[in-house]
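Chemist: My questions all concern the structure below.
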Amino acid sequence: MPVLPGAEPFRHDGGEVGVLLCHGFTGSPQSLRPWAEHHAAHGLTVSLPLLPGHGTRWEDLQVTGWQDWYAEVDRELRLLRERCSQVFVAGLSMGGTLALRLAARNGTGVEGVVVVNPANKVHGLSAYALPVARHLVRTTKGIASDIAKPGAAETGYDRVPLHSAHSLRNFFRQVDKELPQVTQPLLLLRSTRDHVVPAADSARILSRVSSTDVTEVVLEQSYHVATLDHDADRIFDESLAFIGRLAPSVGKEGTAAVG
């Protein structure tokens, strides 16, 4: 099945500091492409993979689960660690959850974590119905393109497969148990108006991790897909400064051509 235009994975071979970017559930690398290009232009080695079942059609997502999505980012992390002396993980929404699990399971193999509107739970009564409902109904309405900025759009599915949503719920439960194993420096950026993931998820994550170097940034002008919204430049700058603080070599070689 052809990949949707703009949803292709992105990779850039830069310097000794690498960053792995993880996109969200039903989304694609398109939502993080400007972020990836920004970091690549500042000399970082960047990996932004396309998660299995994403970026094509929702029927492909229906037959995947969290183990498939995590295996992809875990593989990319291993490749970055072979190439780079320091590696950071980052993500949007479920991508943030993936990044947190990578940090929890890889210890010193991950230098720091950046998450934007990270998800921790499937909320509402519908979450409790998923184990049964997924056998009766195939999909529910999509969650893509929660963006305040006029004209901006996210390349994602307009339907959510319930089998995958059930797997996502199980994934959130698994990662919630593992959050105390996250000890790395953490930068968490969250929108004040998010129609997909409530602020309670960020609060829960901050209360559960064991990190002592924690920075929370509140984004006042964006909705859920903040990486394509009014606060996008702030996210890019804050995350680059965070990485540069922990990896001082970043930025000292000037900007790099991206291609």
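The values are calculated or read from the model by the stated rules, or taken from the named source; none is laboratory data. Since this is a predicted model, take the numbers as computed values, not measurements. Note: ideal-geometry Cβ built from the backbone for every residue, glycine included; neighbour counts use all protein chains shown. The protein model used for the area step is the full one, side chains on, heavy atoms only, and it has no ligands, DNA or RNA in it. Shrake-Rupley method; radii C 1.70, N 1.55, O 1.52, S 1.80 Å.
Chemist: Quick one: with all protein chains in place, what share of the accessible area of segment 1-55 is carbon or sulfur, to the nearest percent (1.4 Å probe)?
Modeler: Values: 960 of 1580 Å².
After summing per-atom areas, the C and S share lands at 61 percent.
Chemist: Moving on. Consider a paramagnetic label point 7 Å from the Cα of SER249 along Cα→Cβ; state which residues of segment 36-65 have an amide N under 18 Å from it.
Modeler: 39-47
Chemist: Assuming a strict under-30 Å limit between Cα atoms, what lysine pair count do you get for the chain once near-sequence pairs (fewer than 8 apart, same chain) are dropped?
Modeler: Values: LYS121/LYS141; LYS121/LYS149; LYS121/LYS177; LYS141/LYS149; LYS141/LYS177.
Taking the Cα cut-off of 30 Å, the pair count is 5.
Chemist: Obtain the nm distance between the two label points defined at ASN170 and GLU37 by a simple spin-label model: each point lies 7 Å from its Cα along the Cα-to-C-beta direction.
Modeler: If labels sit at ASN170 and GLU37, their model points lie 3.8 nm apart.
Chemist: Once you list every other residue whose beta carbon is under 13 Å from the beta carbon of PHE172, what net charge do they have if Lys and Arg are +1 and Asp and Glu are -1? Display every interim value, and only then the final one.
Modeler: Working: positive: ARG101, LYS121, ARG169, ARG173, LYS177, ARG204, ARG208; negative: ASP176, GLU178, ASP201.
The answer is +4.
Chemist: Given the Cα-Cα distance of VAL63 and LEU206 and 0.36 nm per residue of separation, how much length would full extension add, in nm?
Modeler: Values: separation 143, 0.36 × 143 = 51.48 nm, distance 3.21 nm.
Once the chain is fully extended between VAL63 and LEU206, it gains 48.3 nm.
Chemist: Would you please give the residues with an amide H less than 5 Å from that of THR140, counting only those at least 5 places away or on a separate chain, with H modeled from the backbone geometry?
Modeler: VAL160, LEU162
Chemist: Something else now. Taking only DSSP H segments of four or more residues, each worth -39500 (n - 2.57), what value at 222 nm results for the chain once the sum is divided by all its residues, to the nearest 500 deg cm²/dmol? Working shown, then result.
Modeler: Details: 8 runs with 96 residues, N = 259.
Value at 222 nm, helices only, nearest 500: -11500 deg cm²/dmol.
Chemist: What is the spin-label model distance, in nm, from ALA241 to LYS121 if the labels are put 7 Å beyond Cα along the C-beta direction?
Modeler: Result: 3.2 nm between the two label points.
Chemist: Rounded if a/c is under 1.5, else prolate if a/b is larger than b/c, else oblate: which is segment 1-133, with a ≥ b ≥ c the root eigenvalues of its Cα gyration tensor? List each step's numbers first, then the result.
Modeler: Numbers: a/c = 2.08, a/b = 1.49, b/c = 1.39.
Here segment 1-133 falls in the prolate category.
Chemist: Would you work out what percent of the accessible area of segment 170-240, with all protein chains in place, is carbon or sulfur (probe 1.4 Å)? Present the calculation step by step, with values, prior to reporting the outcome.
Modeler: Numbers: 1330 of 3080 Å².
Taking all protein chains in place, segment 170-240 shows 43 percent carbon and sulfur surface.
Chemist: What's the FRET efficiency of LYS141 with SER85 using the Cβ-Cβ distance as r and R₀ = 41 Å, to the nearest 0.05?
Modeler: Efficiency computed from Cβ-Cβ geometry: 0.40.
Chemist: Follow-up question, since we're still on this one. Where a ≥ b ≥ c are the square roots of the eigenvalues of the C-alpha gyration tensor, would you call segment 159-259 rounded, which needs a/c under 1.5, or, failing that, prolate if a/b is larger than b/c, or oblate? Write out the running numbers ahead of the final one.
Modeler: Values: a/c = 1.80, a/b = 1.40, b/c = 1.29.
Judged from the Cα gyration tensor, segment 159-259 comes out prolate (a/c at least 1.5, a/b above b/c).
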